[in-house]
Amino acid sequence: MEVTTSCLLEIGANRDGSADALVWIDNGEVQAQSYDELDGQVTALAAEIARRLPPGAKRVGLLVDDPVLCLRMSWALFRIGAAVVLLNTRLPVNALRDQCFAASCSVVVTDRASVFADNGPAELQAEDICATASEGRERDVRSGFASARTVLFTSGSSGVPRGVSHGIRAHVYSAVGSNTNIPLEPGDRWLLALPQYHVSGLSIAFRCFAAGAAVAIAPSQDLFDSARKLGATHLSLVSTQLDRLIRRAEAEGHTLAGLTLLVGGGPIPVAMSQKAVSLGARVYVSYGMSEMASQITTTDGTGSADELSTSGRPLPFRSVRIAATGSGRQADASSGAIEVGGRTLFDGYVGVSESGPRDGWFATGDIGLLDESGRLTIRGRLDRMFISGGENIHPEEIERLLLQQPGVNRAAVVPVSDPEFGRRPVAFVDPVLDEAAAERLRDTLSLRLPRYALPVAFYPFQSDAETSISKLDYRKLTSWAERHRKHAAGR
């Protein structure tokens, strides 16, 4: 099956131009823009950007804080066939300059005043573009969509952020494949509460426009109020957001009936997913990454504990295989290195010499297993596995057990240096544990874990180690734990 090379927004306008394409809140009031209106505005913006772009601009950066404007500008850039570098709006100026340099980005469209102070790429002011764009002076910019590209920088939770390069069709394949598994149709509204410089946020518009649904943009981090006010039917969430949504619903005596929740971005406690199901939501657990244009595998929405304990099956246009791996004294024959391929696979990294896909496959660095029904279970990462006294330890296995314990909301496990065993595991947990609670938790874990895998210490969860998309910087946690252990040993 081949997907279209025409702009999904334009297709939506031709299908039903009066349907809502974009809804948002402005000064407390819900605003809406139809497919016809958004398509016309994006076309006018595209023509104006094309007029202003310097000759030979290889890649165009997008640094726009206003999420509504960011969506319009990104699709305008897609319309002219640009290679769009979606810059992280939370980075300081020097880091933004580094990203532009790594991506060979010579010009940036922005809603900020003088970002680089003449020491970086040229800047096109979004306000000026909007002021002079005119639907009556449109150029032929509708044919560029098929040649558009994106560069998305990874979160860098386990290494230096890298620019992931995709052709636009990879995002379309990703959207179409997702929509075959998660029902989405005209009249539905998918809440965009994740940054658009991250693949989880960017992919929402592709899914909505492919289905004729509307993108609903939240004005704040209050997902519960935003979802209700905007009439959202679908939400993309990480575990922290899901936990907050459940707590808010329970506190106010509401259900989550009518909501479809796509959760991922890291381990999702089965009990948390089941709680959302018990409150009426339809929950899909997903495994994905920037290199595969968002989702790779996703559960089927049935909500069973057996299904929710996995990351589901490969979606259409994706392939997953397991390669044997093993190190240390014991080789783990039940799992292996996850490799992925298919129509959503990225082309390679920009600005670094690191290799990308080989022979149509990409080694994710994750460890997992495929069961007899083709469902994938993530066991951890190769680069997080460590050896303690000759034994392989997968921190994610310990984290998974911790998150199954009553009252444990968040957990992270990292290794610390040990003179006898080389390295030993320590755990960060939320809420804070006193000595008695920590000992009880260790006793409970000992029923499922070998002695060498039991955390030797429990520390308060460090929220400042979370990135903007609620992933964890394990290097920061490890550094904190090492300092704390040395300080305790020196007392």
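The values are calculated or read from the model by the stated rules, or taken from the named source; none is laboratory data. None of the values given here were measured: they were computed from a predicted structure. Note that we place each Cβ from the backbone using ideal geometry, even for glycine, and neighbour counts take in every protein chain shown.
Structure data summary
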read-out: Count of residues meeting criterion [in contact (Cβ under 8 Å) with a residue 60 or more places away in the chain and not polar (S, T, N, Q)] in the stretch 409-434; value: 5
read-out: Residue that is farthest from Gln33 (Cα to Cα) [pool: residues in the stretch 221-236 that are crowded, with 19+ Cβ neighbours inside 10 Å and in contact (Cβ under 8 Å) with a residue 40 or more places away in the chain]; value: Ser236
read-out: Residue in the stretch 286-314 that is modelled with the lowest pLDDT, counting only those that are of a type outside the set (Gly, Ala, Ser) and over 15 Å from Val263 (Cα atoms); value: Asp306
read-out: Residue satisfying condition, being surrounded by 23 or more Cβ atoms within 10 Å (Cβ to Cβ), within 20 Å of the chain's Cα centre (by Cα) and over 24 Å from Thr110 (Cα atoms), within set Arg207, Arg169, Arg244; value: Arg207
read-out: Pair list, Cβ < 8 Å and 6+ apart or interchain, from the stretch 192-214 residues that are in the same structural domain as Ala21 (by TED's automatic domain parsing) to residues that are surrounded by 24 or more Cβ atoms within 10 Å (Cβ to Cβ) and of a type in the set (Lys, Arg); value: Ala213/Arg207
read-out: Residues within the stretch 53-77 that are touching a Lys or Arg at 6+ places or on another chain (Cβ under 8 Å) and surrounded by fewer than 17 Cβ atoms within 10 Å (Cβ to Cβ), tallied; value: 1
read-out: Filter pass, Tyr197 being modelled with pLDDT of 95 or more, under 21 Å from Met292 (Cα atoms), among the hydroxyl-bearing types (Ser, Thr, Tyr) and buried (at least 18 other Cβ atoms within 10 Å of the Cβ); value: no
read-out: Within the stretch 358-377, considering residues that are touching a residue at least 24 places away in the same chain (Cβ under 8 Å) and under 30 Å from Arg149 (Cα atoms), the one farthest from the chain's Cα centre (by Cα); value: Trp361
read-out: Residue in the stretch 336-378 that is surrounded by the fewest Cβ atoms within 10 Å (Cβ to Cβ), counting only those that are closer than 25 Å to Asn392 by Cβ and among the aromatic types (Phe, Trp, Tyr); value: Trp361
read-out: Qualifying position, being of a type in the set (Asp, Glu) and under 26 Å from the mean Cα position of the chain (by Cα), among Asp111, Asp118; value: Asp111
read-out: Residues satisfying the stated conditions in the stretch 432-476, i.e. within 30 Å of the chain's Cα centre (by Cα), surrounded by fewer than 16 Cβ atoms within 10 Å (Cβ to Cβ) and aliphatic (A, V, I, L, M); value: Val432
read-out: Any hit, the stretch 247-260, residues being surrounded by fewer than 23 Cβ atoms within 10 Å (Cβ to Cβ), among the charged types (D, E, K, R) and touching a Gly at 6+ places or on another chain (Cβ under 9 Å); value: no
read-out: Helices (runs of 4 or more DSSP H) within the stretch 221-313 that include 2 or more residues within 25 Å of Thr154 (Cα to Cα); value: 239-251
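Here's the yes/no breakdown for (1) touching a Phe, Trp or Tyr at 6+ places or on another chain (Cβ under 9 Å); (2) not β-branched (Val, Ile, Thr):
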position	(1), (2)
Ser174	yes, yes
Thr180	no, no
Leu184	yes, yes
Ala193	no, yes
Gln196	no, yes
Val199	no, no
Ile217	yes, no
Asp225	no, yes
Ser236	yes, yes
